[in-house]
Amino acid sequence: MKGSDRKRILSLLRDLIYQLTGNYYPEERMRIFEYKIERLLKNIGMDRESPEAVMTYFMGKGRDALIDLMTVPETKFFREREQLEVLLDKVINGIPAPEIASVGCSTGQEPYTVAMMLRRRGRTGRITGFDISLGVLEKARSGIYQIEEIRDIPEDYRDFIKVKGNVFEIKEDIRVMVNFKRANIIDPSDFSGFTGTFDLVLCRNVLIYFDRSSKEAALKNIWTILKREGVLTISSTEILGKEFHDLFEPFKVGKFFFYRRRG
Ligand SMILES: C[S@@+](CC[C@H](N)C(=O)[O-])C[C@H]1O[C@@H](n2cnc3c(N)ncnc32)[C@H](O)[C@@H]1O
């Protein structure tokens, strides 16, 4: 491939990924971006095609593969456990059967963790995991994980899983509390059936990959699917800038910040 074609393909794909997912690749992440794209093009035998042919492919048949590859699925069971404990015990403790959304749920560890934590407390609730990537949702729905991940599950929660050789599966009483749906957080039409539905939206480690404009689109959707006074939780390593405080009011419980829907 000519150097100028290569540059053009990378630039067009970077824009396409942004349009499709809101994920923005800044200069400092361009090396990983280039590496992933070049490997993908090689794998599908398109590394010698013209920019036009490559774009036609990724705007059509190759769209889902591109989304799967370019979104970051990193997650784990009981990630930021203390933050979740404060949420369940001090923020939404008064809601008997909370409706919870995990937006950007990846392979399911976050929604299953919340379900286990509710059950451990003798409570129930319903958790809906949303993600744009079909690949991660397939794994999430299977409820089956490699045995190495068991280290993330505290001993006193292991009765919620069943070990089968070199994998373990989430038991049925937890799985019935969780369901998964494909949705693009920047697309309002994907959430049209969920207006005012959720007491709590977890959107942790997702918006860090967005720029200001896609963040705004995502936060408007989250606002819409929350109930009045519903709570948004981002990771404790993230911050919701002042420019969004007209949608969400920050409040602090212990050392954690949460965000309450305004209006
Ligand atoms: C780093 S993971 C975070 C997983 C989990 N929330 C956690 O904190 O462990 C980010 C997830 O957000 C999803 N994601 C990225 N852009 C999205 C979008 N526009 N709509 C829905 N999900 C998106 C990715 O597919 C990925 O699974």
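The values are calculated or read from the model by the stated rules, or taken from the named source; none is laboratory data. In this text the structure is predicted, and so the values were computed from the model without any measurement. Here the Cβ positions follow ideal geometry from the backbone for every residue, glycine too, while neighbour counts run over all protein chains shown.
For region 85-124, which positions are free of Cβ contacts under 8 Å to residues at least 40 places away in the same chain and either at positive phi or not assigned by TED's automatic domain parsing to the domain that holds residue 234 (or both)?
Result: 106, 122.
To keep it simple, each residue is scored yes or no on (1) without any contact (Cβ under 8 Å) to a residue 60 or more places away in the chain; (2) surrounded by 13 or more Cβ atoms within 10 Å (Cβ to Cβ); (3) over 17 Å from residue 98 (Cα atoms).
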site: 199; (1), (2), (3): no, yes, no
site: 209; (1), (2), (3): no, yes, yes
site: 220; (1), (2), (3): yes, yes, yes
site: 234; (1), (2), (3): yes, yes, yes
site: 238; (1), (2), (3): yes, yes, yes
site: 245; (1), (2), (3): yes, no, yes
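For the condition near the ligand (Cβ under 9 Å from one of its atoms) and either closer than 25 Å to residue 261 by Cβ or surrounded by 19 or more Cβ atoms within 10 Å (Cβ to Cβ) (or both), what is the one hit in 83, 109?
The unique qualifying residue is 109.
Of the residues that make up region 132-140, is at least one near the ligand (Cβ under 10 Å from one of its atoms), closer than 26 Å to residue 65 by Cβ and among the hydroxyl-bearing types (Ser, Thr, Tyr)?
Among the residues of region 132-140, at least one is near the ligand (Cβ under 10 Å from one of its atoms), closer than 26 Å to residue 65 by Cβ and among the hydroxyl-bearing types (Ser, Thr, Tyr), which makes the answer yes.
Every residue, every condition in (1) under 21 Å from the mean Cα position of the chain (by Cα); (2) within 16 Å of the ligand (Cβ to nearest atom); (3) free of Cβ contacts under 8 Å to residues at least 12 places away in the same chain, yes or no:
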| residue | (1), (2), (3) |
| --- | --- |
| 11 | no, no, yes |
| 14 | yes, yes, no |
| 24 | yes, yes, no |
| 45 | no, no, yes |
| 51 | no, no, no |
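Which of the numbered conditions does residue 125 fail, given that it passes all the others? Conditions: (1) in contact with a helix residue (DSSP H, G or I) (Cβ under 8 Å, 6 or more places away or on another chain); (2) away from the ligand (no atom under 12 Å from the Cβ); (3) farther than 25 Å from residue 252 by Cα.
Just one mismatch for residue 125, condition (3).
Among 63, 31, which is of a type in the set (Lys, Arg), touching a residue at least 40 places away in the same chain (Cβ under 8 Å) and surrounded by fewer than 17 Cβ atoms within 10 Å (Cβ to Cβ)?
It is 63.
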